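Visitor: Please read through the structure below; I'll follow up with questions.
Readers should treat all values here as calculations from the given coordinates under stated rules, not as data from a laboratory. Just so it is clear, the model here is predicted, and its values are computed rather than measured. Heads up, the Cβs are rebuilt from the backbone with ideal geometry, glycines too, and the neighbour counts pull from every protein chain shown.
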Amino acid sequence: MYRPRPDHELRFKREIMAHLGTRTWDESIRDPEQVNEAVQFMFGFCSAAMQETLPKIASRDFVSFLLAQHDAWEAVRAVNNDGRLSEEDTDFWARWGVLAKRAIHHVLEQIAVLQPGESPAADEAELVWLMDRAMIAAEVLVQGALQSTLVYAVFPDDVELRIRLDNPEEYYSFQLAPDLRERMSSFVNRRNRPVPERYREFLNSDARDVVAALDDVFKAEHGITLTQVLGAGRAAHEFSAKAENEGFDVRFVLRDVVLEATAQNLGIGRETLEPLFAGFVLAPSAAVERMLWKPKQEPRVLRRPYVEMPHELGVHYSWVGSLVMNALMFRVQDLAFGRCPAEWETEAIRDAIIKFTQGLDGAWERTVEAELVSRGFRAVRSLKSIDGLRLDQEGRPGEIDLLLVDADGSLVVGEVKRTQPTYDPSYWRAELDEYV
């Protein structure tokens, strides 16, 4: 697995420290606004470093390297999930895996905007340093976004930032306040207790339900079903092969060839397929600058795995299998939560998505109600009024999803929502903030 050279990490760290040294900081910062200001100050330097460095090395070669690294990290993740990594490698994955993948996502999006040529513009002697500098800056940006969210959105009063420019090992570090550290320890200890009783009720729904609900409307609106659209996203990869002169196991194929071959293999007209396949393509227009710290701005390459690249023979797509499989999963999952790419959406499709997601919402409320009733609660679901008093009028609390009474007579008001799975704390925070 690629990691920047240690001497390059130290060199870039000294650049950051010099930047931080242009201002005076309290050694310990607790105020959330000041913590966020310090994070943004470091963000500014790393963003500038990327803007300066990437144009010198952005190229087809660099994209191929990044895509191959993504495939490699995905392979490590799969082995780790199976429990087949050594203790040392497990620690390596835990420390660098997710961070490195997110940095790759960010850099790929920046390169898609630049639309570079075949080879980097920089001298060969500089390439390793420039690549390391860009990737270190990207990792600092990703890590800073997570830290900013942790402080500013999740635990605004319980995190301390320490800036010590005399200590290269701890020049910039976050510490948990003692009370939060105690709470986190209690949480970890609870997780280590014997496994509690499993849930008794489940909402069994998968990709088959999504396509069953939307196939007909896609056929009516676009001439092919959602199943065929998703199949095209997968078939474009499965019917392809690595170029003979490509060192990495990465595809680099003329766009016209991808579209013509995929359409022919699936028995679909290219004129029908092309505008819908665009929902899987990371073109410059789809790779506009993303603010890492903003919630619900997830990496576009997770849903658009076919990276559009210029070439003297015409526009090419570059991709790897791991990103294609991720994109298919995310696209189906998104539809179950009401999200649809602009290339696919029409008024009729939006209406069908709303109908489908509302059905899932109702089914989930019934599932939660059944689970709690099975555990001894008395429950009333979807309570809209009490003694004729409407709860959903202005100034009132609104519809109550679940009103519960436990065995001891305690009254519990329940809010039941489906939230899309994510490892991004800012996304979770934004989801919860909609109804808490």
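Visitor: Taking the beta-carbon count within 10 Å as an exposure proxy, list His311, His316 from fewest neighbours to most.
Guide: His311, His316
Visitor: OK, next. Would you calculate the separation in nanometres between label points at Gln333 and Gln358, each defined as 7 Å from the Cα along the Cα-to-beta-carbon direction?
Guide: For Gln333 paired with Gln358, the spin-label model returns 2.6 nm.
Visitor: Rounded, prolate or oblate for the stretch 207-349? Axes are the square roots of the Cα gyration tensor eigenvalues, ordered a ≥ b ≥ c, and the cut-off for rounded is a/c under 1.5.
Guide: Verdict is oblate for the stretch 207-349.
Visitor: How much length would be gained if the chain were fully extended between Arg23 and Ala342, taking 0.36 nm per residue of separation minus their Cα-Cα distance, in nm to one decimal?
Guide: Gain on extension, Arg23 to Ala342, equals 110.4 nm.
Visitor: Given the -39500 (n - 2.57) contribution per DSSP H run of 4+ residues, what per-residue ellipticity at 222 nm results for the chain, rounded to the nearest 500 deg cm²/dmol?
Guide: My calculation for the chain gives -18000 deg cm²/dmol from helical runs alone.
Visitor: Select from the stretch 301-397 those trypsin sites (Lys or Arg not before Pro) which occupy a DSSP coil region and have at most 14 other Cβ atoms within 10 Å, ordered by residue number.
Guide: Those that pass, being in a loop and sparsely packed, are Arg375, Lys384.
Visitor: While we're on this one: Rounded, prolate or oblate: which one fits the stretch 190-288, using the alpha carbon gyration tensor with axes a ≥ b ≥ c (rounded when a/c is under 1.5, else prolate when a/b beats b/c, else oblate)?
Guide: Oblate shape, in that a/c is at least 1.5 and b/c is the bigger or equal ratio.
Visitor: Taking the Cα atoms of the stretch 1-72, what is the range of coordinates along each of the three principal axes, in descending order and whole Å?
Guide: 43, 23, 22
Visitor: Only loop residues by DSSP count here, and only those with at most 10 other Cβ atoms within 10 Å; note down the trypsin sites (Lys or Arg not before Pro) in the stretch 60-114 that meet that.
Guide: In loop regions of the stretch 60-114 (DSSP not H, G, I, E or B), the sparsely surrounded trypsin sites (Lys or Arg not before Pro) are Arg84.
Visitor: With charges only on Cβ, +1 for K and R and -1 for D and E, what is the dipole size of the stretch 6-191 about its Cα centre, in debye, rounded to 20?
Guide: The dipole of the stretch 6-191 has a size of about 360 debye.
Visitor: Using 32 Å as the Cα-Cα cut-off, could you pick out the over-long pairs in Lys219/Lys417; Lys56/Lys242; Lys242/Lys355?
Guide: In this structure, Lys242/Lys355 exceed 32 Å between Cα atoms.
Visitor: Could you tell me the calculated FRET efficiency between Glu15 and Arg84, based on Cβ-Cβ distance and R0 = 35 angstrom, to the nearest 0.05?
Guide: Between Glu15 and Arg84 the formula returns 0.35.
Visitor: Taking the dipole about the Cα centre of the stretch 1-94, with the C-beta of Lys and Arg at +1 and of Asp and Glu at -1, give me whichever of Ala18, His8, Ile57 is farthest to the positive side.
Guide: Working it through, the farthest residue towards the positive pole turns out to be Ile57.
Visitor: Only bridges with both residues in the chain count here: give the DSSP antiparallel percent, nearest 5.
Guide: 95 percent
Visitor: Based on Cα positions only, what radius of gyration and what Dmax would you give for the chain, in angstroms?
Guide: Both quantities, over Cα of the chain: 25.0, 79 Å.
Visitor: Also, I was wondering about something else. Assign unit charges at the C-beta atoms only (+1 for Lys and Arg, -1 for Asp and Glu), then state the dipole size of the chain relative to its Cα centre in Debye, rounded to the nearest 20.
Guide: 620 debye
Visitor: What shape does the stretch 33-190 have by the C-alpha gyration tensor, where a ≥ b ≥ c are the square roots of the eigenvalues, rounded means a/c under 1.5, and otherwise prolate means a/b greater than b/c and oblate the rest?
Guide: oblate
Visitor: Counting other beta carbons within 10 Å of each residue's own, what order do Ser47, Ser119, Ser410 fall into, fewest first?
Guide: Ser410, Ser119, Ser47
Visitor: Return the whole-Å distance between the Cα centroid of the stretch 96-159 and the Cα centroid of the stretch 363-399.
Guide: So the two Cα centres are separated by 45 Å.
Visitor: To continue, here is another question. Work out the FRET efficiency for Leu165 and Tyr2 from their Cβ-Cβ distance, taking R0 = 22 Å, and round it to the nearest 0.05.
Guide: 0.15
Visitor: While we're here: DSSP loop (so not H, G, I, E, B), at most 13 other Cβ within 10 Å: list which GluC sites (Glu not before Pro) in the stretch 214-318 pass both filters.
Guide: Glu244, Glu289, Glu312
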